[in-house]
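Trainee: To start, I am sharing the structure in question, which I have written as structure tokens.
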2 protein chains.
Amino acid sequence: MKLQQLIKTHHLGLLFQQGKFGIEKESQRIDNKGNIVTTAHPSVFGNRSYHPYIQTDFAESQLELITPPNDKLEDTYRWLSAIHEVTLRSLPDDEYIFPFSMPAGLPPESEIKEAQLDNEWDVKYREHLSAIYGKYKQMVSGIHYNFQISEEFVESAFALQTEYCDKIAFRNALYMKLANNFLRYQWILVYLLAATPTVEAQYFGKNSPLAEGQLVRSLRSGPYGYVNAPHVVINHDSLQQYVESLEHFVATGDLLAEKEFYSNVRLRGAKKARELLKKGVKYAEFRLFDLNPLSPYGIELVDAKFIHLFLLAMLWIDETSGQKEVELGTQKLYQVALEDPRSHTAFQAEGEAILNLMLAMLDDLSVPQNEKDLLQQKLAQFADPSQTVNGRLLAAIEQAGSYKALGAQLAQQYKAQAFERFYAISAFDNMELSTQALLFDAIQQGLQIELLDENDQFLALKFGDHLEYVKNGNMTSHDQYISPLIMENKVVTKKVLAKAGFNVPKSIEFTSLEQAVAHYPLFEGKAVVIKPKSTNYGLGITIFQQGVTDKADFAKAIEIAFREDKEVMVEDYLVGTEYRFFVLGDETLAVLLRVPANVKGDGAHTVRELVEAKNSDPLRGDGSRSPLKKIALGDIELLQLKEQGLTPDSIPADGQIVQLRANSNISTGGDSIDMTDQMHDSYKQLAVSIAKAMGAKVCGVDLIIPDLTKAAEPSLRSWGVIEANFNPMMMMHIFPYQGKSRRLTKAVLKMLFPGLP
Amino acid sequence: MKLQQLIKTHHLGLLFQQGKFGIEKESQRIDNKGNIVTTAHPSVFGNRSYHPYIQTDFAESQLELITPPNDKLEDTYRWLSAIHEVTLRSLPDDEYIFPFSMPAGLPPESEIKEAQLDNEWDVKYREHLSAIYGKYKQMVSGIHYNFQISEEFVESAFALQTEYCDKIAFRNALYMKLANNFLRYQWILVYLLAATPTVEAQYFGKNSPLAEGQLVRSLRSGPYGYVNAPHVVINHDSLQQYVESLEHFVATGDLLAEKEFYSNVRLRGAKKARELLKKGVKYAEFRLFDLNPLSPYGIELVDAKFIHLFLLAMLWIDETSGQKEVELGTQKLYQVALEDPRSHTAFQAEGEAILNLMLAMLDDLSVPQNEKDLLQQKLAQFADPSQTVNGRLLAAIEQAGSYKALGAQLAQQYKAQAFERFYAISAFDNMELSTQALLFDAIQQGLQIELLDENDQFLALKFGDHLEYVKNGNMTSHDQYISPLIMENKVVTKKVLAKAGFNVPKSIEFTSLEQAVAHYPLFEGKAVVIKPKSTNYGLGITIFQQGVTDKADFAKAIEIAFREDKEVMVEDYLVGTEYRFFVLGDETLAVLLRVPANVKGDGAHTVRELVEAKNSDPLRGDGSRSPLKKIALGDIELLQLKEQGLTPDSIPADGQIVQLRANSNISTGGDSIDMTDQMHDSYKQLAVSIAKAMGAKVCGVDLIIPDLTKAAEPSLRSWGVIEANFNPMMMMHIFPYQGKSRRLTKAVLKMLFPGLP
């Protein structure tokens, strides 16, 4: 199959470089010393019978983290990062993820539990593996790299080639070429990326094949790793022969199931290999890779990219390896795996030839320079083994004393990193924090997620067959279209709420300055808001919070309002404290008080120092990528201080509250204080009723309340509705400055998927 | 009750002038000669058991048009106009509305059907009236004017006065004062506004009380109108006495029910008068008014305003009339009613005094000058009876020959006027045409309507207890919030549709000019669209409709797209015709083809003349207040002509289609052509499935279709989805340039209210 010429002639290079990528990463849960724990898989991850991201492999302690397939490797890597952050933040405080493939601190075999799965056969299969290979070998972890050749490339190439007249046969041939050539040259990847140079004595017990202190490139990929009995030889000459030989060894009982065949490549797309002949291969799974302990996620993105280029080269080169070449490749693999990692490899010339061939391929594909640089770096590692992953790893192990000690140290470091911005998901930090929180919960609970438009915070979530779309964290199919339209229109909101019998501020409209001023006596002494009927950006609004007492002031405010509109409203100003109620369905899930930016004096520190101390809260940042905003000391704050007779260098008395802003917005450094438990239940019920009056399922209701401890008295006007919001902020409730966190995103998921456990 | 002083002292003038207003107008359906018809009430008006606007009074032929109550008289008048337009356009072609109170062309009594109502008692009551008073007297029509004193005024005044300690008693006293003073001075309104100077001989038969040729001011309001037996005297000294005397005459059988008491004022708010004592009067109904035949709606807005001021004056003056004064008022009423309408009234001095008092009141209330001018005009009519309604009417009757002839002539004129802009509702023409169409249907079918925000096209509709909100004619509670959000985002739309298996244009993304140009061969010869990934206002888009054949052109287009974004897409251009499918639920209700502005030659007229002729279509206007837009002859059209070797003065051949625009938008003079019946059903099903994939109930789907007569072939890519719209235009389907009208607004109402008949 001469693919190279076809791609060049017909300009298929771009399609050739496309594809789908997925990564599966096994690893052990450990304690702070690096010992594998015997605790159960955390129940917070829901049920493994369907979880798409967080599974267990052989053992209950052996996490398997799985990314969804993506068109771009960068996205796959973001998922790998996100799933790690969710997992690490969800583990018990004293558990970590071991970054090495080879286990350390193994408990006695009897204490190692096979993964406690729902499916009986899955459990039986694991018990069979324990019996045949021993439990310790099954505790080894690694990376599986899934690659699907772009279907558009397959279609275009199929249309242009002449060798095959059936598209499935053509696609299968492509995958056979990829698999066999990979097996032929896989030793190269072991030389460059392997990271299992040693293992604790306990692992092999008395029968260690290694000499005292012997280091190798890969214990996992060599003859002491997963290997089948020597007589189990699967024929790679064609897919047909491959299928037949696989079925033969299952029939003889040498393999319990096809999946017991330990190959570094598995062809995927059907439950039984035979089906691949008809249905066609869908993708290939490359299982060769040791965890790279120097990467928090077990693999570096650049290495994942290198692997992709290597796979492309396996398709690009003219030869298609058959059974003979596969066997040669396996011999070389075993030889290289057992080489001393500090030494040059015996096959350096072949390795450099393949990398040079890859460089030539990149030229032909007009690939950007940085990918060529990556290849040049790898090429240089043939001359300098200390630059390979193993080389760098050995230096680190030496420093730490043992790979177990290094593993424990890195595991703690990686866990701490995952908590640095605990309210965010680093890989999805281009999205809003509320969407990140929703993603966190969705990953944790095992929903299938698709990021439809990250800029627009648009997700598709799936649980079983149930598909839901979510925008901005809480805009869903559960709300009626008309509800946000009602809330968006303040005039309509007021009418709808007034009709439904709720207290809204009363207002009188005027069409001329003279008319309004003539009615001044109606308002004298009352707290009122004067505003244009249609308000734009709050222009023309005057508030007489303490009651209007001067006719000239009143006239001036009316005049200002008339500059913006032909009609002016004088509205009651409700006196009390404003609270935000977050309503979901029949329940008020959270109540929040927003307090203007402030610091509390201690009689010792200056305002400036107090501000600095308050700003050191990890929740405070720029306000868009953090739940709270740092308090500024700008002109507005200085003016506010001045009004209190203070400067930034004043030292407020112990307990003195110094206000730095008049407005209570979180976005200007305000504090968010959870008051859910303190709020009288009658108001929570009221907020639910208000949301219902507008047909809203998810709604942020702003109520003015004179005393939150006393029951609402509808007739007495002791409270009032200010407005209702159809996409209420969730972050301020989830990570309040003070008070209990309310995990609203979980409630949104439960609303969308009532079947979630 | 000294209200005047209270209002002045406490600045209650604005509240005093507020209130709620409603108008009920009876009138007879007639043929083109002015004869009352004996056909049934049109079934298109649904069922009279609940219709809030279009009812029948005594007879089946006697329409009763009822406005909802409004805070502003102007709005009440708009409703009166709208209900008239709906009624007139819904009548059979040969039926009209008689503009006079006194009937003409009466059929024999036996042929007059009492209104065929569902409620048995209502029918019985009408039969009773027929028996006691004769059917002819019941055929007289008039205007009832409902007025509710502002509840805020009542509350404020009650709080400030000292006479009453119960608010209901205070409110009842206000209404008694209003009613009694009205009855005392009602003759003034008869002098100015009455319009029943004569009646056909047939009406009174042999026993006419009038001399041959005698003209009076009001046959309807005088002693020959509705009057009870002389001994039925109801005491007006207090509400208590009023209730008791009313109950007395019902008990004696002199009245079949309280409502048989014919007073020119009725106090409303309870089914039985006695309940008013406890519940309080809600509003007062003034039944004095003859139809003004010179007004299309039976009353002029200025007269309705004058009546309001008159009612205010009845509250403003210090006296509160008792039974004696009411009786005096009735005497004066009867006397004035029988005066010759061309003469001065005997009570001119009293009339002028009351109007001068009203003028003084307006001064005290700081009312705008135009309302004072109105009063001055009415005042002048005491000196010049020819300026009263009667005066002007008599002149018109003389010209027409008889009041019947004048009535028939005006009835036809008013009906023609109602059809002038048949696609609009004149009174609601500030709203979008689709909302006007929805309002038309809602009025016709008898939904309770509230205009929540006219600028925002926001309505509340109610049928029984079922309340629905509608924005822009089709945005409702029946759509999920997420659906429009999906449709609003083109990237998400495409992903959602592609996932659901629909054909969407395929695309490839590039991140550099070089990369894109290197892949030119992939696209050579294909029809493609080149565009920035995020399109803003269509900037940077190039379409190669006929296939791209020049690499330099391709590179240029790529370069232009890169000016707008860092990523550029090359997308398949679908070849075929674009159709708009209007989907509602499980059905495609309409399919439309939009054709660029064009004229068809006839071998005789110039392009300019053909455009003019086409523009004379009443559907064509400015495009926002008309369903279609007039074709312009501006620069773009001239250029388009030039490309065809034409000028506006060219004479195209017979049958030649001259295109004046490249784009097919209706807003640039394009034609809308209904293709619902022509479109292959498979595409209609497809459009429904596409809407469903986005969870949409109401949706406009744009499909590209190669041949509308052949079934859709999903696998063959013989069609494609361009986009989906969540607030699809309805007007172009309701009033297409060509083809059948599809009344989509009725379907929207049926969706909202499945119980509608």
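Trainee: Which net charge results for the neighbourhood of A:Lys72, defined as the other residues with beta-carbon distances under 10 angstrom from its beta-carbon, given Lys and Arg at +1 and Asp and Glu at -1? Mind dumping the intermediate values first?
Mentor: Numbers: positive: A:Lys20, A:Arg78; negative: A:Asp71, A:Glu74, A:Asp75.
Result for the local shell: -1.
Trainee: Using the alpha carbons of the range B:192-302, what is the convex hull volume per residue in cubic angstrom, as a whole number?
Mentor: Working: hull volume 17.2 nm³, N = 111.
So the per-residue hull volume is 155 Å³.
Trainee: Can you tell me the Rg and Dmax of the range A:39-178, counting just the alpha carbons, in angstroms?
Mentor: Expressed in Å, the Cα Rg and Dmax of the range A:39-178 come to 19.6, 61.
Trainee: Would you kindly work out, in nm and rounded to one decimal, the distances from the label point of A:Val123 to those of the same position in each other copy, ordered shortest first, with label points 7 Å along Cα-to-Cβ?
Mentor: 7.6
Trainee: Could you point to the residue in B:Pro521, B:Ser295, B:Pro532 farthest towards the positive end of chain B's charge dipole, with +1 and -1 charges on the Cβ of Lys/Arg and Asp/Glu respectively?
Mentor: B:Pro521
Trainee: Between beta-carbons, use under 14 Å as the cut-off and find the net charge around A:Lys750, counting Lys and Arg +1, Asp and Glu -1. Don't jump to the answer; show the numbers that get you there.
Mentor: Details: positive: A:Lys697, A:Arg742, A:Arg743, A:Lys746; negative: A:Asp441, A:Glu468, A:Asp586, A:Glu587.
Charge balance near A:Lys750 sits at 0.
Trainee: Based on the Cα coordinates of the range A:506-572, what is the per residue volume of their convex hull in Å³?
Mentor: On the way: hull volume 4.6 nm³, N = 67.
In the range A:506-572, the Cα convex hull volume per residue is 69 Å³.
Trainee: What's the exposure ranking of A:Met176, B:Met1, A:Met675, going from fewest to most Cβ atoms within 10 Å? Write down the numbers at each step before the final one.
Mentor: Numbers: A:Met176 24, B:Met1 17, A:Met675 21.
Least to most surrounded, the residues fall as B:Met1, A:Met675, A:Met176.
Trainee: Name the chain A residue with the Cβ nearest the axis that maps A onto B: which is it, and what is the distance in angstrom?
Mentor: Of all Cβ atoms in chain A, the one nearest the axis gives A:Tyr481, 3.
Trainee: Quick check for me: using +1 on Lys/Arg Cβ and -1 on Asp/Glu Cβ, what's the dipole size of the range A:98-223 about its Cα centre, in debye to the nearest 20?
Mentor: Details: 12 positive and 14 negative charges, 96 e Å.
I would put it at about 460 debye.
Trainee: Another one. When Rg is the radius of gyration of the Cα atoms in the protein assembly as shown and Rh is its Kirkwood radius, what does Rg/Rh come to?
Mentor: Working: Rg = 42.7 Å, Rh = 39.7 Å.
That ratio equals 1.08.
Trainee: Quick check on the exposure proxy: order B:Phe422, A:Phe582, A:Phe158 from fewest to most C-beta atoms within 10 angstrom.
Mentor: On the way: B:Phe422 12, A:Phe582 27, A:Phe158 18.
Least crowded to most crowded, the residues run B:Phe422, A:Phe158, A:Phe582.
Trainee: Moving on. If you rank A:Ile36, A:Ile486 by fewest surrounding Cβ atoms within 10 Å, what's the result?
Mentor: On the way: A:Ile36 20, A:Ile486 26.
Starting with the residue having the fewest Cβ neighbours, the order is A:Ile36, A:Ile486.
Trainee: Measuring from a point 7 Å out along Cα→Cβ, what nm distances, shortest first, does A:Pro108 have to its partners in the other copies?
Mentor: 11.8
Trainee: If you line up the Cα atoms of the range A:420-532 on their principal axes, what length do they span on each, largest first, in Å?
Mentor: On the principal axes, the range A:420-532 reaches 65, 35, 22 Å in Cα extent.
Trainee: For the range B:196-259 and the range B:621-700, what is the separation of their C-alpha centers, rounded to whole Å?
Mentor: 63 Å
Trainee: What value does chain B have for Rg/Rh, both radii from Cα atoms and Rh as Kirkwood defines it? Show your work: numbers first, answer last.
Mentor: Details: Rg = 33.0 Å, Rh = 30.4 Å.
Looking at chain B, the ratio lands at 1.08.
Trainee: Give me the dipole magnitude in Debye, nearest 20, for the range B:439-478 about the Cα centre, with unit charges on the beta carbon: positive for Lys and Arg, negative for Asp and Glu. Don't jump to the answer; show the numbers that get you there.
Mentor: Numbers: 2 positive and 7 negative charges, 20 e Å.
It works out to roughly 100 debye.
Trainee: Note down, for the range A:327-453, the three equivalent ellipsoid semi-axes (square root of 5 times each alpha carbon gyration tensor eigenvalue), biggest first, whole angstrom. The partial results should precede the final answer.
Mentor: Numbers: eigenvalues 275, 124, 44 Å².
After scaling each eigenvalue by five and taking roots: 37, 25, 15 Å.
Trainee: If you don't mind, another one. So what's the projected area for the range A:622-691, the Cα convex hull averaged over all directions, in nm²?
Mentor: If I average the Cα hull's projected area over directions, I get 7.3 nm².
Trainee: Past the 21 Å Cα-Cα mark, which pairs from B:Lys113/B:Lys415; B:Lys72/B:Lys259; B:Lys378/B:Lys415; B:Lys20/B:Lys259; A:Lys20/A:Lys177?
Mentor: Values: B:Lys113/B:Lys415 24 Å; B:Lys72/B:Lys259 28 Å; B:Lys378/B:Lys415 29 Å; B:Lys20/B:Lys259 23 Å; A:Lys20/A:Lys177 18 Å.
Beyond 21 Å: B:Lys113/B:Lys415; B:Lys72/B:Lys259; B:Lys378/B:Lys415; B:Lys20/B:Lys259.
Trainee: Treating only the Cβ of Lys, Arg, Asp and Glu as charged (+1, +1, -1, -1), what charge dipole size does chain A show about its Cα centre? Round to the nearest 20 debye. Kindly include the intermediate steps, with their values, before the conclusion.
Mentor: Details: 77 positive and 96 negative charges, 161 e Å.
Roughly 780 debye for chain A.
Trainee: Then there is this: Can you work out the FRET efficiency for the pair A:Gln738 and A:Glu350, with r the C-beta to C-beta distance and R0 = 60 Å, to the nearest 0.05?
Mentor: Working: r = 65 Å, r/R0 = 1.08.
The value I calculate is 0.40.
Trainee: Throw me the Rg/Rh for the range B:226-284, computed over C-alpha atoms with Kirkwood Rh, two decimals.
Mentor: Numbers: Rg = 10.9 Å, Rh = 11.7 Å.
Using Cα coordinates only, the ratio equals 0.93.
Trainee: What whole number of Å gives the distance from the Cα centroid of the range B:295-325 to the Cα centroid of the range A:502-537?
Mentor: Using only Cα atoms to place each centre, the spacing works out to 29 Å.
Trainee: If you bin the C-alpha pair distances of the range B:439-478 every 5 Å from 0, what whole percents do you get?
Mentor: The distribution over the range B:439-478 is 7, 24, 34, 28, 7, 0, given as percents.
Trainee: Here's a follow-up. Does the range B:314-378 classify as rounded, prolate or oblate by the C-alpha gyration tensor (a ≥ b ≥ c root eigenvalues; a/c under 1.5 gives rounded; else a/b over b/c gives prolate, otherwise oblate)?
Mentor: Working: a/c = 3.29, a/b = 1.37, b/c = 2.40.
Oblate, since a/c reaches 1.5 and b/c is not below a/b.
Trainee: To continue, here is another question. Quick one: label points 7 angstrom along Cα→Cβ at B:Ala653, distances to the other copies in nm, smallest first?
Mentor: Values, ascending and in nm: 10.1.
Trainee: Farthest toward the dipole's positive end in the protein assembly as shown, which of A:Ser218, B:Gln445, A:Pro69, given Cβ charges of +1 (Lys, Arg) and -1 (Asp, Glu) about the Cα centre?
Mentor: Among A:Ser218, B:Gln445, A:Pro69, the one farthest towards the positive end of the dipole of the protein assembly as shown is B:Gln445.
Trainee: Starting from one equal scatterer on each C-alpha and no solvent at all, send me the Debye-based log10 I(q)/I(0) for the range B:370-437 at q = 0.23, 0.24 Å⁻¹, two decimals.
Mentor: Listed by q, the Debye log ratios stand at -0.89, -0.91.
Trainee: Please report how far the C-alpha centroid of the range A:266-287 lies from that of the range A:131-158, rounded to the nearest whole angstrom.
Mentor: Computed from Cα coordinates, the inter-centre distance equals 10 Å.
Trainee: For the range A:3-420, with equal point scatterers placed on the C-alpha atoms only and solvent neglected, what are the log10 I(q)/I(0) values from the Debye formula at q = 0.07, 0.14 1/Å, to two decimals?
Mentor: After summing over all Cα pairs, the log10 values are -0.32, -1.41.
None of the figures in this text is laboratory data; all of them are computed from the coordinates on show. Keep in mind that what you see is a predicted model, and the values were worked out from it rather than measured. When we count neighbours, we look across all protein chains shown, and the Cβ atoms used for this are built from the backbone with ideal geometry, even at glycine.
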